[in-house]
Amino acid sequence: MPMRADWMWMDGEFVPWDEAKVHVFAHALHYGTSVFEGIRAYATPRGPAVFRLHEHMVRFVNSARVMRIDLPYSVEELEQAVVDTIAKNNLDACYIRPLAFRGYDRLGLDGRSCPVQVIIGAVPWGTYLGEEALTKGVDVMVSTWRRYAPGTAAPGAKIGGQYVNSQFSAMEAHDLGYNEAIVLDVYGYVAEGSGENIFLVKDGKLYTPPPSNSILAGITRDSVITLARDLGIEVIEAPISRDMLYRADELFFCGTAAEITPIRSVDRIPIGSGSRGPITQQIQEEFFAITKGHKPDRHGWLRYVRA
Ligand code: PPE
């Protein structure tokens, strides 16, 4: 069943889902000239609440800056448009996809004569890596594909065309019977998953690669670091070698879509006990307690859709 909702926010107005269309000569379709975000809203006792909307929209604007896309809306206008899109579609928990892209004018690599279009879609989207992924964990492989090298792309920006790299590793993993891939950077250090950041637990401490290992600095990653420190867990941002994965006590992915997903094996080697580890569970429970409004929003991360 295709994902859908009733209304799409498109260039400042709501259009019926089935009418939200572009021309096949849109520049983005040929060259990947787009920037996007993935944001979740959670169902809370006070209705839907968008998680870290401001940080997502700031990253969106910064990605656009790197791609040389001039956005015709401010961060505040985009935030309001997200809230309006959820309300207009009567959604509760949902996944929100803002996208800015170069539309149709002409072919040619420097597409800056092509008009900028902006859409915001919101759809229901359950667990990203399978029904039981959050509790049981996922089986992953180290991809044969590497993340792009420094200076060949912009890992810190969420640019559409860059995601062909992620697709290569995701498709390879799925074809070989794994849920997801871990991708190494060009020097052989662990970068991230095809669409998630990664954390490792060793001797009670939490490790994650720094931005210099070709990662997208995820907003969930930042939330995990904050919550772990709240819980008194030491967090170390340092390069991680492949063998450290196999020797880890616990491993987990985090991302907007993946939320906090334990990794139970890498290359068929069980990690730790081979199921969700205690620190992973502790951070996961803290994360969901806050996102779902069961614990006070002590970091000001929730934006309620209903005032
Ligand atoms: N790394 C990559 C490469 C990535 O795509 C994401 C998000 C992250 C890390 C985590 O970032 P954050 O969401 O800010 O915590 N991936 C998005 C797209 C997933 C998709 O399949 O589409 C997401 O999780 O929304």
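Annotation: of all residues in the range 266-283 being open to solvent by less than 10 Å² (accessible area, probe 1.4 Å) and not in a loop (DSSP other than H, G, I, E, B), the one that is nearest to ARG229 (Cα to Cα) is ILE283. Note on the range 153-249: enclosed helices (runs of 4 or more DSSP H) holding 2 or more residues that are without any contact (Cβ under 8 Å) to a residue 12 or more places away in the chain and within 13 Å of the ligand (Cβ to nearest atom) are 163-175. It is to be established whether one or more residues within the range 96-105 are within 16 Å of the ligand (Cβ to nearest atom) and assigned to a loop (DSSP other than H, G, I, E, B). Scanning the range 96-105 turns up no residue that is within 16 Å of the ligand (Cβ to nearest atom) and assigned to a loop (DSSP other than H, G, I, E, B). Kindly establish whether ALA191 is in contact with an Asp or Glu (Cβ under 8 Å, 6 or more places away or on another chain), open to solvent by 20 Å² or more (accessible area, probe 1.4 Å) and either outside the structural domain of ARG102 (by TED's automatic domain parsing) or modelled with pLDDT of 95 or more (or both). No: the conditions fail for ALA191. Number of residues in the range 266-280 that are in contact with a Gly (Cβ under 7 Å, 6 or more places away or on another chain) and polar (S, T, N, Q) equals 1. Regarding VAL140, is this residue under 19 Å from the mean Cα position of the chain (by Cα) and open to solvent by less than 10 Å² (accessible area, probe 1.4 Å)? Yes: the conditions hold for VAL140. One residue alone among ILE96, ILE119 is buried (at least 17 other Cβ atoms within 10 Å of the Cβ), of a type in the set (A, V, I, L, M, F, W, C), out of contact with any Leu (no Cβ under 8 Å at 6 or more places or on another chain) and outside the structural domain of ARG276 (by TED's automatic domain parsing), and that residue is ILE96.
The values are calculated or read from the model by the stated rules, or taken from the named source; none is laboratory data. These numbers were taken from a predicted model, which means no experiment stands behind them. We place every Cβ from the backbone using ideal geometry, glycine too, and count neighbours over all the protein chains shown. Heavy atoms of the whole protein, side chains included, go into the accessibility calculation; ligands, DNA and RNA do not. Shrake-Rupley method; radii C 1.70, N 1.55, O 1.52, S 1.80 Å.
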